[in-house]
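Quick notes on the structure that follows.
The values are calculated or read from the model by the stated rules, or taken from the named source; none is laboratory data. The structure presented is a predicted model; accordingly, all values stated were derived computationally and were not measured. Cβ coordinates were reconstructed from backbone atoms using ideal geometry, including for glycine residues, and neighbour counts include every protein chain displayed. Only protein heavy atoms, including side chains, enter the accessible area calculation; ligands, DNA and RNA are left aside. Shrake-Rupley method; radii C 1.70, N 1.55, O 1.52, S 1.80 Å.
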Amino acid sequence: MSLLRTKEMSDKYQALIAQGGLDHSCVLCAKTPLKEFTYWKIIPNDFPYDKVAKTHHMLIPKRHSDEKNLTKEENEELWKIKPEYINDQYDYILEATSKHKSIPAHFHLHLLVVKDELANT
């Protein structure tokens, strides 16, 4: 996703990967939530898409799970959170395809508020 990050942010992210920062424990599980729901939480993104977003958070299940293994309850709450909370707080929900996911073992959706100069283009 270097298309969406500045060179500086992309370099910072690549350095984390090169140092093995994504190889061991789940970096998403360890994040302190900005907002919590029953089965989900919204967390900050330490490596935001800063070329396009003034706010970049992520929605993740509280339980470490990939998308295929979400429970019925987790899926139901996701479909409730989207219209009742996310649509009012963010401009876009972005999900990478499997070939671009750097953390495929923990399902996550990127929540973006675009920069003002991009909002009207």
(message) I want to verify a result. In a Gaussian network model of the chain, Cα cutoff 10 Å, which of these has the top mean-square fluctuation: HIS100, HIS108, HIS56?
(response) HIS100
(request) For segment 10-121, report the accessible area per residue in Å² (1.4 Å probe, heavy atoms, rounded to an integer). (result) 60
(request) Using Cα pairs closer than 8 Å and at least 6 residues apart in sequence, work out the relative contact order for the chain, in percent. (result) 27
(request) Provide the gained length on full extension for the span LYS12 to ALA30, in nm with one decimal, where the gain is 0.36 nm per separating residue minus the Cα-Cα distance. (result) 4.6 nm
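Around LEU111, under 11 Å between beta carbons, what's the net of Lys plus Arg minus Asp minus Glu among the other residues?
Net charge in that neighbourhood comes out at 0.
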(message) I need the phi-derived Karplus couplings for segment 3-15: 6.51 cos²θ - 1.76 cosθ + 1.60, θ = phi - 60°, integer Hz, Gly and Pro marked x.
(response) 4, 9, 10, 5, 4, 4, 5, 5, 4, 4, 5, 5, 5
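Once you compute Rg and the Kirkwood Rh from C-alpha atoms, what is the Rg to Rh ratio for segment 44-90?
1.03
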(message) Take ASN75 and THR55, extend 7 Å from each Cα along the Cα→Cβ direction, and tell me the distance between the two endpoints in nm.
(response) 2.9
(message) In whole percent, and with a 1.4 Å probe on the protein chains, what portion of the accessible area of the chain is carbon and sulfur?
(response) 50
(message) Need one number: nm distance between label points at ASP46 and TYR85, each 7 Å from Cα along Cα→Cβ, rounded to one decimal.
(response) 2.3
(message) With +1 on the Cβ of every Lys and Arg and -1 on the Cβ of every Asp and Glu, and nothing else charged, how large is the dipole of the chain about its Cα centre, in debye rounded to the nearest 20?
(response) 200
(request) Tell me which residues come under 5 Å, amide H to amide H, from PHE107 once H is placed; ignore anything under 5 positions away on its chain. (result) SER65, ASP66, GLU67
(request) May I ask which residue of ALA119, LEU70, ILE93 lies farthest towards the positive end of the charge dipole of segment 70-121, with charges of +1 (Lys, Arg) and -1 (Asp, Glu) on Cβ and the Cα centre as origin? (result) LEU70
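Rounded to the nearest angstrom and ordered from largest down, what semi-axes does the equivalent ellipsoid of segment 1-87 get from its C-alpha gyration tensor (root of 5λ)? Can you show the working numbers first?
On the way: eigenvalues 132, 57, 22 Å².
Semi-axes from the Cα gyration tensor: 26, 17, 10 Å.
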(message) Using only alpha-carbon positions, what ratio does the radius of gyration of segment 59-121 give when scaled by 2.2 N^0.38 Å?
(response) 1.26
(message) Amide H of ASP50 versus every other amide H placed in the peptide plane: which residues, excluding those fewer than 5 positions away on the same chain, fall under 5 Å?
(response) THR6
